[in-house]
Amino acid sequence: MSQVTGADTTRADRAGAVPEAAHEIVERALALSRADGCVVIATESSSVNLRWATNTLTTNGASRDRSITVVSVVGRSFGVRTASTIDTPAGGRGARPGDVAHPTDADGLAELVRAAEDAAREAEDAEDYADLLGPTTAGLGTGGLGTGGGPVTAGGTFTDPAARTGTAVFAAFARDLAEAFGSARAEGRRLFGFAQHDVTTTWLGTSTGLRLRHSQPTGSVEWNAKSGVPGGSVWHGQSTHDFTDVDVAATDAALRSRLAWCERSVELPAGRYETLLPPSAVADLMIDLYWSAAGRDAAEGRTVFSRPGGATRIGEAIGPAGLRLFSDPADPELATTPFVTAASSSSMSSVFDNGLALGATDWIRDGALAALVQTRASARATQSPVTPIIDNLVLDAGGSASLEEMIASTRRGLLLTSLWYIREVDPEVLLLTGLTRDGVYLVENGEVTGAVNNFRFNESPVDLLGRTAQLGAATRTMAREWADWFTLTRMPPMRVPDFNMSSVSPAS
């Protein structure tokens with residue numbers, strides 16, 4: 001066992017105490033450390049949300065939370081402990097008297113640091129052991145000194161306070177939502193949904209002198225529209241940084257149009273169908289592919305990216321020429337944390353890589369597998385470049401067709417809305433199974449002619465890339481199945497000539 005992890009949850013700081021800034025807690029925890037090496041990660045998040053049902057806003061909420069994670073290194077082993085608390089403002093769901101977003105007083109922080117050190121002493125040597133990174137080895141550089149006295153990093157200096165969100169982010173959205181409710185009532189439709197916005201600021205400090213800070217806004221909105229027609233249910237999801245790009249009227253019009261398609265019902269048997277996958281469904285499949293792309297696992301012969309004899313499929317064509325799957329933390333539309341933050345070690349991440357700079361990485365280039373996710377440890381073992389996982393993903397093949405244009409060029413096939421309950425069946429070929437949900441439609445001679453029953457599917461996203469007949473224009477989208485964990489994607493609609501609908505699903 002190479003690691004020991006745990007979580008300690010605290011209440012408020014001592015009554016009357018002035019809450020410390022997160023960067024001060026990082027510095028104090030580092031000063032308390034007696035380990036050979038130490039990493040401290042502090043996060044502060046503020047979140048707001050809205051929920052609606054049957055054309056009426058039903059709840060809203062707001063919360064703040066702070067967490068402190070200490071990674072202690074003793075010899076070649078490490079231990080991890082985390083303390084956190086949640087502050088729900090007065091009137092919010094889950095509020096408790098005295099709850100605040102400052103989890104560690106002086107005694108609590110010392111206890112947290114000692115617990116991480118004890119865990120490290122009890123652990124075996126870590127397979128991924130490496131020297132902790134410092135200012136000259138992380139690849140980020142200092143970028144000059146800011147007025148706060150720390151290195152300039154994404155979102156400001158290390159000593160800057162947390163960025164926060166508030167209900168004002170929903171001002172225009174809520175106004176437009178009220179208008180959509182009125183239209184839906186008048187037309188006999190029912191709208192349900194959930195919107196949330198979160199801003200999380202992360203501070204990372206190490207005993208080797210690394211000091212990094214990043215603020216990440218994350219927003220999403222999911223809609224479900226229903227009519228009185230059996231099977232009349234459609235879904236739409238969108239990710240956003242600040243809700244300024246959420247067009248409520250356009251979304252409501254699209255939902256209305258799809259509900260109209262449900263007025264005619266068609267029963268079809270299981271089988272292989274030409275199928276149009278919208279960007280959201282493609283995102284769900286590509287995220288599964290990405291999460292299965294650990295270089296260490298591939299080298300050990302356990303994944304779809306393995307070759308016999310301990311080799312990987314790097315360099316092998318797995319998609320059409322021109323296809324590119326990549327991540328870039330500096331992508332203007334999908335910007336994300338530009339350095340590694342890891343509270344645990346696995347085949348996809350390493351606590352010893354904390355602070356490592358992230359850059360644009362091609363996973364598939366011109367249709368060929370170009371890289372797998374590699375920590376510094378797995379890169380050494382496999383003699384590969386260091387290519388850590390990044391929290392966004394883009395698939396682009398240079399296509400220009402919209403989903404509507406792809407429908408218009410379809411003689412006969414199925415159009416999906418979203419995928420649901422996706423599970424892995426066979427990791428060696430990355431065979432997935434799952435269900436269609438909230439709208440499967442029959443396309444005939446370039447027009448949608450009715451709604452079709454749901455199916456269970458069995459497909460491998462890697463195999464699909466090799467069989468795809470058309471990839472349209474990549475647009476920002478949000479996966480449905482994996483939206484709680486991965487929201488930053490840009491994907492094209494995809495045409496598959498023989499998508500395997502393995503059985504009919506009774507779900508409606």
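The values are calculated or read from the model by the stated rules, or taken from the named source; none is laboratory data. Every value quoted in this text rests on a predicted model; they were computed, and no experiment measured them. Here the Cβ positions follow ideal geometry from the backbone for every residue, glycine too, while neighbour counts run over all protein chains shown. Only protein heavy atoms, including side chains, enter the accessible area calculation; ligands, DNA and RNA are left aside. Shrake-Rupley method; radii C 1.70, N 1.55, O 1.52, S 1.80 Å.
Assorted remarks:
- Listed by position, the strands (runs of 3 or more DSSP E) inside the stretch 389-507 whose residues that are of a type in the set (Asp, Glu) number at least 2 are 412-426, 431-444.
- Residue within the stretch 410-419 that is in contact with a Gly (Cβ under 7 Å, 6 or more places away or on another chain) and of a type in the set (S, T, N, Q) present: yes
- Residues in the stretch 473-508 that are open to solvent by 30 Å² or more (accessible area, probe 1.4 Å), β-branched (Val, Ile, Thr) and more than 28 Å from Gln216 (Cβ to Cβ): Val504 only.
- Scanning the stretch 238-267 for residues that are acidic (Asp, Glu) and closer than 16 Å to Asp176 by Cα yields Asp242, Asp245, Asp247, Asp252.
- Residue check, Leu465 open to solvent by 20 Å² or more (accessible area, probe 1.4 Å) and within 25 Å of the chain's Cα centre (by Cα): no
- For the stretch 155-176, a residue qualifies if it is closer than 21 Å to Ser239 by Cβ, of a type outside the set (A, V, I, L, M, F, W, C) and open to solvent by less than 40 Å² (accessible area, probe 1.4 Å), and the qualifying residues are Thr165, Gly166.
For every residue, the table says whether it meets (1) open to solvent by less than 40 Å² (accessible area, probe 1.4 Å); (2) modelled with pLDDT under 95; (3) touching a Ser or Thr at 6+ places or on another chain (Cβ under 6 Å).
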residue: Val18; (1), (2), (3): no, yes, no
residue: Cys38; (1), (2), (3): yes, no, yes
residue: Glu44; (1), (2), (3): yes, no, yes
residue: Thr56; (1), (2), (3): no, no, no
residue: His102; (1), (2), (3): yes, yes, no
residue: Asp118; (1), (2), (3): no, no, no
residue: Arg121; (1), (2), (3): no, no, no
residue: Glu127; (1), (2), (3): no, no, yes
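- Pairs linking a residue in the stretch 318-330 that is more than 12 Å from Arg490 (Cα to Cα) to a residue that is charged (D, E, K, R) and open to solvent by 40 Å² or more (accessible area, probe 1.4 Å), with Cβ atoms under 7 Å and 6 or more positions apart or on different chains, are Ala321/Asp366; Gly322/Asp366.
- Only a single criterion out of (1) crowded, with 21+ Cβ neighbours inside 10 Å; (2) closer than 26 Å to Glu122 by Cα; (3) not basic (Lys, Arg) is not satisfied by Ala31, namely (1).
- Exclusive hit being under 30 Å from Ala321 (Cα atoms) and either among the β-branched types (Val, Ile, Thr) or in contact with a helix residue (DSSP H, G or I) (Cβ under 7 Å, 6 or more places away or on another chain) (or both), set Ser350, Ser344, Ser378: Ser378
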